[in-house]
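Participant: Shown below is the structure under consideration.
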Amino acid sequence: MKSILYFILLFSISTLHAQSEAENVKNTIDSFFESFHAQDSLAMKEFVSTNVIIQSIGEDQQGETLVHKTSFSKFLKGIVSIPKDASFKEELLDYQISIDGNMANAWTPYKFYFKDNFSHCGVNSFQLVKIDGKWQIIYIIDTRRKEGCN
């Protein structure tokens, strides 16, 4: 009987730890997007590693798949150059988070609005690493489309 209770207690503790780690990953992503929407490039840097990789998957005019890589500095310049009177919002619709030790993956479907009008939708995939007790984004790749966004 004691061994069963011990097993249940151990399982409960590990489940609670995994849930809190998933919440920490989600909070890192949410904080990154709060900074993104505020066009605060210094704050965005707080949530990414110094060697973060950013890529987007799209299609050319012939329908061929393209993978476009952007440097983080170019990404930041693009965000801060959006006129302050031009509202934009990336609405994250869900979080599917997987964690193994100090590595995490988050899959976040989204809808993007520019000047309060729907622009496009897709999915973000974030890779994160826990360094010195803090989750940092090391890789972002997304898809973008205008159809199939229900």
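Rule-based calculations on the coordinates, nothing more; no lab input. Predicted model only: the values in this text are computed from it and were never measured. Note that we place each Cβ from the backbone using ideal geometry, even for glycine, and neighbour counts take in every protein chain shown.
Participant: Say the cut-off is 21 Å between C-alpha atoms; which of Lys84/Lys146; Lys45/Lys69; Lys26/Lys77; Lys45/Lys115; Lys111/Lys146 go over it? Before the final figure, lay out each step's value.
Facilitator: Values: Lys84/Lys146 25 Å; Lys45/Lys69 18 Å; Lys26/Lys77 25 Å; Lys45/Lys115 25 Å; Lys111/Lys146 10 Å.
Checking Cα-Cα distances, Lys84/Lys146; Lys26/Lys77; Lys45/Lys115 exceed 21 Å.
Participant: What is the calculated FRET efficiency for Ala86 to Ala38, with r their C-beta to C-beta distance and R₀ = 22 Å, to the nearest 0.05?
Facilitator: Numbers: r = 14 Å, r/R0 = 0.63.
The calculated FRET efficiency here is 0.95.
Participant: Could you give the nm distance between label points at Tyr95 and Ser20, where each point is 7 Å from its Cα heading toward the beta carbon?
Facilitator: 1.6
Participant: Grab the Cα-Cα distance for Arg145 and Asp30, subtract it from 0.36 nm times how many residues apart they are, and report the gain in nm with one decimal.
Facilitator: Working: separation 115, 0.36 × 115 = 41.40 nm, distance 2.23 nm.
Length gained between Arg145 and Asp30: 39.2 nm.
Participant: If you don't mind, another one. Using only DSSP helix segments of four residues or longer, with each worth -39500 (n - 2.57), what per-residue ellipticity at 222 nm results for the chain after dividing by its residue count and rounding to 500? Don't jump to the answer; show the numbers that get you there.
Facilitator: Details: 3 runs with 50 residues, N = 150.
After summing the helix terms and dividing by the residues of the chain, the value is -11000 deg cm²/dmol.
Participant: At what distance in nm do the modelled label points of Asp116 and Ile57 sit from each other, each positioned 7 Å from its Cα along Cα→Cβ?
Facilitator: 3.5
Participant: What is the set of long-range amide H partners of Phe88 at a cut-off below 5 Å, with H atoms built 1.01 Å from backbone N?
Facilitator: Amide H to amide H, under 5 Å and 5 or more residues apart or across chains, Phe88 pairs with Lys115.
Participant: Highest mean first, what order results for 38-46, 120-128, 95-103, 55-63 on Cβ atoms within 10 Å?
Facilitator: Working: 38-46: 14.6, 120-128: 19.4, 95-103: 13.0, 55-63: 10.7.
Going by the mean number of other Cβ atoms within 10 Å, highest first, we get 120-128, 38-46, 95-103, 55-63.
Participant: Based on Cβ point charges of +1 for Lys and Arg and -1 for Asp and Glu, what charge dipole magnitude is obtained for the stretch 44-150 about its Cα centre, in debye rounded to the nearest 20? Numbers along the way, then the final one.
Facilitator: Details: 13 positive and 13 negative charges, 71 e Å.
The calculation lands at about 340 debye.
Participant: Hey, could you grab the Kirkwood Rh for the chain? Inverse mean 1/r over distinct alpha carbon pairs, Å, one decimal.
Facilitator: Numbers: mean 1/r = 0.0583 Å⁻¹.
Answer for the chain: a Kirkwood hydrodynamic radius of 17.1 Å.
Participant: Can you tell which of Gly133, Phe75, Ile57 lies farthest toward the positive end of the dipole of the chain, using +1 and -1 charges on the Cβ of basic and acidic side chains (Lys, Arg; Asp, Glu)?
Facilitator: Of Gly133, Phe75, Ile57, it is Gly133.
Participant: Report the one residue of Phe33, Thr108, Ser20 whose Cα lies farthest in the direction of the positive end of the charge dipole of the stretch 2-143 (charges on C-beta: Lys and Arg +1, Asp and Glu -1; origin at the Cα centre).
Facilitator: Checking the options against the dipole of the stretch 2-143, the answer is Ser20.
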